[in-house]
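Working notes, beginning with the structure itself.
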Amino acid sequence: MSTENSSPEKGYLDMDLLRFTTAGSVDDGKSTLIGRLMYDSKAIFEDQLESIENTSKQRGDEHVNLALLTDGLRAEREQGITIDVAYRYFATPRRKFIIADTPGHIQYTRNMVTGASTANLAIILVDARKGVIEQTCRHSFIANLLRIQHVVIAVNKMDLVDWSEETFNKIRSDFQKFASRLDNIVEISFIPISALKGDNVVDKSTNMPWYNGPTLLYHLETLYVGPDANHVDSRLPVQWVIRPHSDQYHDFRGYAGRVAGGVFKPGDDVVVYPSGFEAKVKALHTADGELEEAYSPLSVAMTLDREIDISRGDMIAKPNNPPTVGQDIDAMVCWFSDKPLNPRGKFLIRHCSKEAKALIRDVKYKVDINTLHKIEGDNQFTLNDIGRITIRTASPLCYDSYKRNRVTGSFILVDANTNETVAAGMIR
Amino acid sequence: MQDYSVTHLKQLESEAIYILRETAAQFERPVLLFSGGKDSIVMTHLAMKAFWPAKIPFPLLHVDTGHNFPETIQYRDDLVAKLGANLVVGSVEEAIKDGRVVEEKGPNASRNMLQIQTLLDALEEGQYDAAMGGARRDEEKARAKERFFSHRDEFGQWDPKNQRPELWNIFNGRMAHGEHFRVFPLSNWTEMDVWQYMKAENIELPSLYYSHERDVVIRNGTILAVSEFVQPRDGEKVEKKRIRFRTMGDATITGAVESDADTMDKIIEEVAAARQTERGNRADDKRSESAMEDRKKAGYF
Ligand SMILES: Nc1nc2c(ncn2[C@@H]2O[C@H](COP(=O)(O)OP(=O)(O)OP(=O)(O)O)[C@@H](O)[C@H]2O)c(=O)[nH]1
Ligand SMILES: [Mg+2]
């Protein structure tokens with residue numbers, strides 16, 4: 001379903017932005033690919049290149065190791081693996097990109113989820129020699145769960161399989177079989193590449209004349225990615241109340257937050273949840289003046305036509321399509337802690353600007369990553385497990401399903417003793 | 001249908017404002033680290049916007065190495081007065097006098113490492129639990145790994161191998177007593193974004209950022225402005241050059257670039273054509289491969 005951008009050359013100020021993440025198993029070549037992408041599109045500075053050339057030489061590497069561009073931590077360079085997400089930025093005349101290069105090692109899955117949670121597209125690498133393996137499936141499943149709608153399967157290391165079309169086709173059909181059960185992904189493309197040699201990354205490969213599709217960069221530049229935001233259900237999670245305490249703005253009470261969905265205009269009827277108080281929008285303030293309308297993801301300060309008690313954690317919405325207000329949450333979660341999740345365990349839930357105590361009521365099932373089958377009756381979640389649970393919160397949350405709204409449908413669980421973030425949740 | 005698209009600069013602005021408000025809300029005593037550099041100037045501007053029409057609800061903290069360009073201090077004091085903000089100064093000079101830190105010796109001595117202790121002392125003294133910095137991920141490879149909300153243990157240390165997951169835009173700023181957070185609202189900005197934004201917002205900058213003529217010496221390939229703190233050594237010759245600064249820091253280590261760019265537009269042109277990162281000129285980063293990571297682990301900005 002890819003459509004081309006009609007006007008390739010845009011000014012810096014009106015360029016659109018694509019956020020993408022890498023995924024796939026350890027050593028499949030994710031970091032090398034990002035290095036290659038930036039190197040071949042001349043987005044690397046001389047001093048950066050010099051530094052990785054020196055390091056490569058010192059280590060006796062045969063080639064300049066382009067993975068060193070993103071593997072910036074000492075431990076990563078020593079071990080030759082990625083441990084945590086690296087964010088990289090580059091622009092071509094067509095688009096601006098924010099790249100999250102994530103680790104493939106299963107031990108660092110939570111860092112992969114971190115990088116993927118804000119992406120609109122995932123490049124999932126597959127080592128042509130190994131094909132689709134468990135970690136490919138795990139990451140694809142996570143991408144699907146996070147509702148990353150666009151996926152590129154980059155079949156890498158084609159140089160090591162003699163640029164074989166047959167190998168590529170086999171991997172494509174294996175993945176397609178698996179992906180038929182991934183219901184959120186809108187579009188999947190397959191590109192055979194060699195991150196090491198640069199084939200089909202920025203420049204078209206001469207080693208694979210059988211491949212007629214676009215190079216990876218061209219695909220990333222031209223793919224149509226629809227708006228991520230929900231412009232239907234109006235939501236303003238209140239982060240902070242602005243009270244100037246000055247003579248000029250004596251009675252000013254601005255409800256500050258970033259619009260999480262829909263559109264607000266002065267004069268709109270709104271309801272504050274969970275209290276249910278009603279009011280009209282008086283104005284939408286920014287330091288640059290009042291707005292005629294506010295929509296996602298703009299940060300604003302809203303004033304209302306009457307004084308009501310509103311504080312951080314409340315949600316301002318419209319009466320015709322309110323959020324669900326409730327204390328019982330049904331959600332898919334990814335478990336990040338070494339300590340297993342126990343049914344009846346108590347945590348803190350953070351959802352939008354709200355924090356509340358939460359109790360795990362029930363584990364409905366865990367997901368078998370390879371088959372995507374549900375495992376029922378085993379209700380202990382351990383590190384990196386994914387599954388469906390129900391939660392009871394101590395006070396009501398104002399939420400939507402994750403499917404409808406990525407902001408108001410997501411939450412994290414925090415262990416109150418260690419303060420660690422132990423799970424990412426997506427409301428059903 | 002209505003077009004609700006938002007330019008990427010507006011998205012970055014909105015994200016930074018969101019982070020600044022989140023920091024004000026989640027912490028008891030946050031503080032904004034103000035260095036006088038362009039990134040901290042932009043961050044301060046965003047803080048003004050985030051809480052307008054109220055004043056910025058946290059103080060600005062300047063860790064002063066004592067090696068400042070006078071222009072930086074003038075600019076700082078004017079800005080603070082204009083915003084009605086609260087300024088706290090942590091002085092490396094005083095830390096040296098008190099014997100809390102010892103000045104490095106030798107020809108390449110710098111006060112960069114001393115800033116760490118002074119910063120940690122200032123944070124402890126003010127009981128600040130969150131320090132907002134203008135660092136960007138595109139600046140340096142260790143910074144590329146940083147979270148928006150970055151946890152520091154009771155010794156002020158960063159543990160890059162064990163960072164908290166940070167999902168969507170939900171930030172977990174919970175911590176134990178004595179620990180603190182570093183918060184980076186400009187994480188996703190590039191150098192170009194910062195310049196474009198300053199132009200779009202008409203943000204005034206210290207004159208040092210624009211091309212001007214100055215006496216300089218060239219030391220280890222870096223152009224240093226001759227000042228009270230940087231005097232020519234044997235064999236070095238003082239030259240007059242047209243220069244400007246791409247970053248601002250301790251005068252003894254911040255290198256200048258030769259440039260005729262005396263307006264924002266010309267600077268943007270130069271940034272677009274640059275083949276070196278802006279920190280490529282900083283002696284502190286040149287010390288070793290993982291100089292930045294090591295300093296960050298110890299508690300640097
Ligand atoms: N022959 C060949 N080797 C490659 C190719 N791409 C990557 N490699 C090599 O594969 C190894 C792993 O590459 P990385 O880029 O570090 O892999 P990664 O996927 O980032 O690994 P993690 O981040 O640790 O999961 C390195 O030795 C690369 O040089 C390729 O296209 N062909
Ligand atoms: Mg990697």
In percent, how large is the relative contact order of chain A, given Cα pairs closer than 8 Å and 6 or more residues apart?
-> 12 percent
For B:D215, what is the net charge nearby, where nearby means another residue's Cβ is under 11 Å from its Cβ and Lys, Arg count +1, Asp, Glu -1?
-> +2
Of all accessible heavy-atom area on segment A:180-304, the percent that carbon and sulfur account for (1.4 Å) = 48 percent
Would you mind pulling out the separation of the Cα centroids of segment B:127-187 and segment A:255-323, in Å?
-> 30 Å
How many angstrom separate the Cα center of segment A:381-428 from the Cα center of segment A:146-183?
-> 31 Å
Listed residues A:D268, A:D47, A:D338; largest mean-square fluctuation, Gaussian network over chain A with Cα springs below 10 Å, found at A:D47
Would you work out what percent of the accessible area of segment B:204-281, with all protein chains in place, is carbon or sulfur (probe 1.4 Å)?
-> 45 percent
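Taking a probe of 1.4 Å and counting only protein heavy atoms, give the total accessible area buried between chains B and A in Å², rounded to the nearest 100.
Numbers: alone 15000 and 20430 Å², together 28890 Å².
Chains B and A together bury approximately 6500 Å².
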May I ask for the net charge around A:R147, where only other residues with Cβ less than 9 Å from the Cβ of A:R147 are counted and Lys, Arg are +1 while Asp, Glu are -1?
-> +2
Shielded residues, segment A:89-116 - accessible-area loss of 30 Å² or more between chain alone and all protein chains, probe 1.4 Å = A:Y89, A:K96, A:R110, A:T114
GNM result for chain A, Cα springs below 10 Å: residue of A:H250, A:H285, A:H231 fluctuating most strongly = A:H250
Of every Cα-Cα pair in segment A:273-428, the percent that sits beyond 22 Å | 48 percent
Among the GluC sites (Glu not before Pro) in segment A:35-143, which ones are in a DSSP loop with at most 13 other Cβ atoms within 10 Å of the Cβ? Mind listing them?
-> A:E62
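Calculate, for chain A, the solvent-accessible area per residue in square angstrom, rolling a 1.4 angstrom probe over the heavy atoms of the protein chains.
Working: 17200 Å² over 428 residues.
Counting only protein heavy atoms, the per-residue value for chain A is 40 Å².
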Computed over segment B:204-281, protein heavy atoms only, probe 1.4 angstrom, the accessible area per residue in square angstrom equals 46 Å²
Residue with peak Gaussian network fluctuation, chain A [Cα springs, cutoff 10 Å], from A:W210, A:W335, A:W240 | A:W210
Solvent-accessible area lost in complex, 50 Å² minimum, residues of segment B:53-71 relative to chain alone, 1.4 Å = B:P53
Karplus-derived 3J(HN,Hα), 6.51/-1.76/1.60, for each residue of segment B:222-238, Hz, glycine and proline x | 9, 8, 10, 6, 6, 8, 3, 9, 10, 10, x, 9, 3, x, 8, 10, 7
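Which net charge results when you count Lys and Arg as +1 and Asp and Glu as -1 among the other residues whose beta-carbon is under 9 Å from that of A:A128?
Details: positive: A:R129, A:K130, A:K157; negative: A:D127, A:D159.
Overall, the nearby charge balance is +1.
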Too-long pairs where the Cα-Cα distance tops 29 Å, listed order kept, from A:K57/A:K96; B:K38/B:K240; A:K42/A:K157; A:K197/A:K403 | A:K57/A:K96; A:K197/A:K403
Ignoring ligands, DNA and RNA, what percent of the 1.4 Å accessible area of segment A:1-127 is carbon and sulfur?
-> 47 percent
Rounded to the nearest Å, the spacing of the alpha-carbon centers of segment B:1-44 and segment A:107-121 is 23 Å
Using only Cα atoms, what Kirkwood radius does the protein assembly as shown have, in angstroms?
-> 26.9 Å
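The values are calculated or read from the model by the stated rules, or taken from the named source; none is laboratory data. The structure presented is a predicted model; accordingly, all values stated were derived computationally and were not measured. Backbone-built Cβ (ideal geometry, glycine too); neighbour counts: all protein chains shown. To get the accessible areas, we keep the full protein, side chains included, count just its heavy atoms, and leave off ligands, DNA and RNA. Shrake-Rupley method; radii C 1.70, N 1.55, O 1.52, S 1.80 Å.
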